[in-house]
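The values are calculated or read from the model by the stated rules, or taken from the named source; none is laboratory data. It should be emphasised that the depicted structure is a prediction, and the values quoted were computed from it without experimental measurement. Neighbour counts are summed over all protein chains in view; Cβ atoms, including those assigned to glycine, are modelled from backbone coordinates with ideal geometry.
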């Protein structure tokens, strides 16, 4: 694989490669090449285990420089690229692996993985079926099969395939996540939540499982847990829209308005036309008693949904709290025109009209005094 492409993709850092293949210079003398290669293999496997994709990529690339592109090294590099989400490069490495060993089951499985992520599903299915014909006990191929079946909405088949994947490797976070997704589609929320927890036990930084766990917790009304889960996801990816959305839902339900303000401000940066984001930002400002800011936010909300009786009523209520009674009356009348039978709109209109005339009468009495 082209090192320049890998550097451009950010998965390979500059590493001082050997100028001579015979020896490697160390601080205390000369290290035989064979020993150095053995150390590189060991270190690369350790970095794979710790998901340090950049270091592992550099080490596998150095091994290719020293040994040439063998099946073991290319498989390791494929693992790195899959972990780093570099699917175009993964496809290239998988095809190189298959050019060396056309009957490589793991090469076909990695090719299928890349094709699936690149949304070339028919090709992915063919490659993965070939991998399973060669090795019916290959965990990655069963993970792939369950993922493809989920995309095809074959949920019963996906559940069986995911179960087979976890039986073969119960430390694969992807396998547990696929099992959770299949269970979720059968509305087995408790079992799905357990599967996502198992996925996160395998890989605490697996953002997809954090997102799906958050979705289940919100559906179950466990908002405190949902809030904690969303904050964990946002530590990994502060701009992740699903996690920001789940955090907003949880903080609103918990009436944690300061937190709600923070996450909705970030959400608006990414979704400036989102009614959900603007409404919850507005509610956070009202909850904090910041009615001027809430009133400005309501203008954005009403631009996005101008025929919503609730929002016009909230606009009237906010203006009422700011003692801008004439404007409150106008907003309340807009709400009443939309829905004459909406009691909150009628009540706020009556209150605003009464106070508007009381203020007018007080001003009149002041002018009449000698």
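Report yes if some residue within the range 137-158 is under 15 Å from residue 78 (Cβ atoms), at pLDDT 95 or above, over 25 Å from the mean Cα position of the chain (by Cα) and assigned to a helix (DSSP H, G or I); otherwise report no.
As a first pass, look at the range 137-158 and keep what is under 15 Å from residue 78 (Cβ atoms): 138-141, 143-144.
So of that shortlist, the ones also at pLDDT 95 or above come out as 138-141, 143-144.
Next cut, over 25 Å from the mean Cα position of the chain (by Cα) only: 138.
Add one more test, that the residue is assigned to a helix (DSSP H, G or I), and what stays is none.
The answer is no, given that none of the residues of the range 137-158 is under 15 Å from residue 78 (Cβ atoms), at pLDDT 95 or above, over 25 Å from the mean Cα position of the chain (by Cα) and assigned to a helix (DSSP H, G or I).
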Next item on the list: Scan the range 92-105 for residues that are surrounded by fewer than 23 Cβ atoms within 10 Å (Cβ to Cβ), touching a helix residue (DSSP H, G or I) at 6+ places or on another chain (Cβ under 7 Å) and free of Cβ contacts under 8 Å to residues at least 40 places away in the same chain and jot them down.
Entry: 95, 98, 100, 101, 103, 104, 105
Note to self: Yes or no: the range 173-182 includes at least one residue that is surrounded by fewer than 23 Cβ atoms within 10 Å (Cβ to Cβ) and out of contact with any helix residue (DSSP H, G or I) (no Cβ under 8 Å at 6 or more places or on another chain).
What the structure shows: no
Margin query: So if I check each of 89, 13, which one is in the same structural domain as residue 119 (by TED's automatic domain parsing) and at pLDDT 50 or above?
Written below: 89
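Would you call residue 235 under 21 Å from residue 84 (Cβ atoms), surrounded by fewer than 17 Cβ atoms within 10 Å (Cβ to Cβ) and out of contact with any strand residue (DSSP E or B) (no Cβ under 7 Å at 6 or more places or on another chain)? Full working, then the answer.
Details: under 21 Å from residue 84 (Cβ atoms): yes; surrounded by fewer than 17 Cβ atoms within 10 Å (Cβ to Cβ): yes; out of contact with any strand residue (DSSP E or B) (no Cβ under 7 Å at 6 or more places or on another chain): yes.
Criteria met by residue 235.
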Check: Looking at (1) in a helix (DSSP H, G or I); (2) surrounded by fewer than 22 Cβ atoms within 10 Å (Cβ to Cβ); (3) over 22 Å from the mean Cα position of the chain (by Cα), which is the only condition residue 191 fails?
Finding: (3)
